[in-house]
1. Can you give me the number of residues within region 506-548 that are in a helix (DSSP H, G or I) and more than 18 Å from the chain's Cα centre (by Cα)?
2. How many of the residues making up region 572-589 are modelled with pLDDT of 70 or more and either small (G, A, S) or assigned to a loop (DSSP other than H, G, I, E, B) (or both)?
3. Select the strands (runs of 3 or more DSSP E) contained entirely in region 155-214, then report the ones holding at least 1 residues which are modelled with pLDDT of 90 or more and over 25 Å from L240 (Cβ atoms).
4. Hey, among V312, V354, which residue is touching a residue at least 40 places away in the same chain (Cβ under 8 Å) and over 22 Å from P459 (Cβ atoms)?
5. Checking the conditions here, which among A486, A441, A451, A491 is under 21 Å from F601 (Cα atoms) and out of contact with any strand residue (DSSP E or B) (no Cβ under 9 Å at 6 or more places or on another chain)?
6. Taking A342 as meeting all but one of (1) surrounded by 24 or more Cβ atoms within 10 Å (Cβ to Cβ); (2) modelled with pLDDT under 85; (3) among the aliphatic types (A, V, I, L, M), write down the number of the exception.
7. With A156, A226, A182, A230 as the choices, which residue is more than 25 Å from Y488 (Cα to Cα) and among the aliphatic types (A, V, I, L, M)?
8. Pick from I260, I324, I255: which is assigned to a helix (DSSP H, G or I), modelled with pLDDT of 85 or more, under 16 Å from the mean Cα position of the chain (by Cα) and crowded, with 19+ Cβ neighbours inside 10 Å?
Amino acid sequence: MVKNSWLLTSLFLFLTLTVNSQNEEKKPSDLEVSLKLINPTQEINDGETRLEVEGGVPPYQFKWSKQSVALDSKKAQGLSEGLNYSVTVTDSEGRKVKKDFNIPANSITEVFNSKVQPAVDFLGGILFWDPFATIGIYDPVVYTDEKEIPIPNWDATTSNTYSLSKWLVKAGVKVTEGDKIAIVTSDSGEEIDVYSDASGKVSYLVQEGGEIFNPNDKGDVIEQNAHMIAQVQYDDPQPLHHPNGDIRKNAIPFIVIWLILGSIFFTLRLGFVNIRGFRHSIQLARGKFDNPDAPGTITHFQAMATAVSATVGLGNIAGVAVAISLGGAGATFWMFTAGFFAMSLKFTECTLGVKYRNINEDGRIFGGPMNYLRYGLEKRNMKGLGKFLAGLFAVLGIGASFGGGNMIQSNQAFKIVSEQIPFLQGQGFWFGIVFALLVGAVILGGINSIARVTGKVVPVMAIIYILGCAVVIGVNIENIGGAFSAIYNGALSASAMKGGFIGVLIIGLQRAAFSSEAGVGSAAIAHSATKTENPIADGFTSLVEPFIDTMVVCTMTALVLIFTGMHEVDGGMQGVELTADAFGSVISWFPAVLALAVFLFAFSTMVSWSYYGMRSWTYLFGQSKKSEIIYKVLFLLFVVVGASVSLGAVLSFSDMMILAMSFPNIIGLYIMSSEVRGDMEIYWNKLKNGELFINPKFKKAA
């Protein structure tokens, strides 16, 4: 009996311990997270991670290290293979589990991309460092006093008309995040519940029964945030957040400060030469002062066309579209303003490019920042600094020519052309071969061949693109009032939704600085080959270049987006896609016109940058013709590589090298600014006294 009691007691204790153990295992404190890592293709930046969560108490929050992934998303896409990421999962009771992960890099391009990314981060940390925020001059956090409530799931390309059916709360009352506040009805009869995604005092933007958004109303299409129905006023200003929950911050990048301050300095130092000399600049471009017997090989117009062909590229289409979608219509104003000041900076570097050029016995010309940095500073007893700055510029120039001046162009040209000619898709290598042959046919002939081609291509491509833009704007001309109102209001009273005033300002200035290449020094290489006895004359000729590139072409792109309402499109659309959709909204086949313009832009940019890179190459590796041929062969190989494969980090790094060229260049320009000013005054006096050579054709016309 005692034995049986002992057995029963033991069995009872065993069962109790087992149940308790199972209950312990089921406690919600055990939050378990597993990751599924996916590398679907050999292309870069298409990695994916999916989460499986067990335990804890739902709902869960997912804090990803990638800022574009939302807090409620259980998967992250568009990840770079071979790079480190993390995700922190939090349940409703505050339990957290952090997971670090890395998408395995399988292909050569994925491995290469992951190895170059640290160099991109390093160089980006220098170029885009914000000194003002670092020393505490301003608070970089983006705050807002209010939150506007939109039509749920609204899209800028919608064809539906929306009306406010019923308000469920009174104006002026306080609502809590998640409260149901209104019912919206579409013209298809769908009823949509609207919930407040903020806590605060609500005010109406649309009265009950009123129309919210009508895609056929041009005012609604142009007006920024026309799809908002209510506004929630916070008790205190609140910071804005990225989708992953990180606080949004503005940045005033050092590279933008460097370029813009340089532009303003030389505008003031040279007495607003961008205004005073503009008329004379047009005269020079027309050939009025062309002297066929002057030293050099190309005309003023050809030098200008070569320089413009290098700057008028994909940045004028894709870059501007991204800037406008990020900064809103107001970025257009600041972009235009920055282009105005950039004219004086371009004047300075092109003047010195001609002044310090060297023409060898066989007539080949070697000039540009490498020469004036080295010999201009040597003249001022700064030989060591001059040699260092010149060498640094040349290294950066070579890298920039292979990347931003080559691979990026062929890569993007292939993408947009293959969209219009479907059988080309997947044939990047053969597209690259044909493109390389076309580029090679031009660049093997040297600067004379390049200048002849750009002199013909630049006017054609500019006319095609500007006429295309003019047609789109003309069809939507009734939007002119709303468009310019959106630009003015967005520039001077920008809402926090687009990053606030500072955000819009910097986006506009940044796009202009990157587009015109004023301060980069590249145009000075092209101008060094001009037939002239007056270096200042080429400075005047170059004034037109930022005007065409930034103040005309970039502005036309921006106006196309604003007039068609595409500036309101957020999300995953790329810059070229935004512009193509804007063109396609007018005439279905118009994107083909854009594709032709992109092809010509890319082609002309590549032939010009081949010359810039070659002169940087010959500065470092000797001026022999053999050295030039080696560079040209390498350049053509990179054309094929750019069209064939995706090399994101490599292209980003080489594109940054274009911007980095401005550091050694502008340092030299500051040092030699008094020399340029003195030469300019002498030239002005000669012009006023009629002492300059005038081409006989213009004498007869007079």
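1. 18
2. Summing the residues that are modelled with pLDDT of 70 or more and either small (G, A, S) or assigned to a loop (DSSP other than H, G, I, E, B) (or both) in region 572-589 gives 8.
3. 162-167, 180-186, 191-195, 211-213
4. On the way: V312 fails: over 22 Å from P459 (Cβ atoms).
It is V354.
5. Working: A486 fails: under 21 Å from F601 (Cα atoms); A451 fails: out of contact with any strand residue (DSSP E or B) (no Cβ under 9 Å at 6 or more places or on another chain); A491 fails: under 21 Å from F601 (Cα atoms).
That would be A441, the only listed residue that is under 21 Å from F601 (Cα atoms) and out of contact with any strand residue (DSSP E or B) (no Cβ under 9 Å at 6 or more places or on another chain).
6. (2)
7. None of the others qualify; the one that does is A182.
8. Working: I260 fails: under 16 Å from the mean Cα position of the chain (by Cα); I324 fails: modelled with pLDDT of 85 or more.
Only one candidate qualifies: I255.
The values are calculated or read from the model by the stated rules, or taken from the named source; none is laboratory data. Given the structure is predicted, the values throughout are model-derived calculations rather than measurements. Note: ideal-geometry Cβ built from the backbone for every residue, glycine included; neighbour counts use all protein chains shown.
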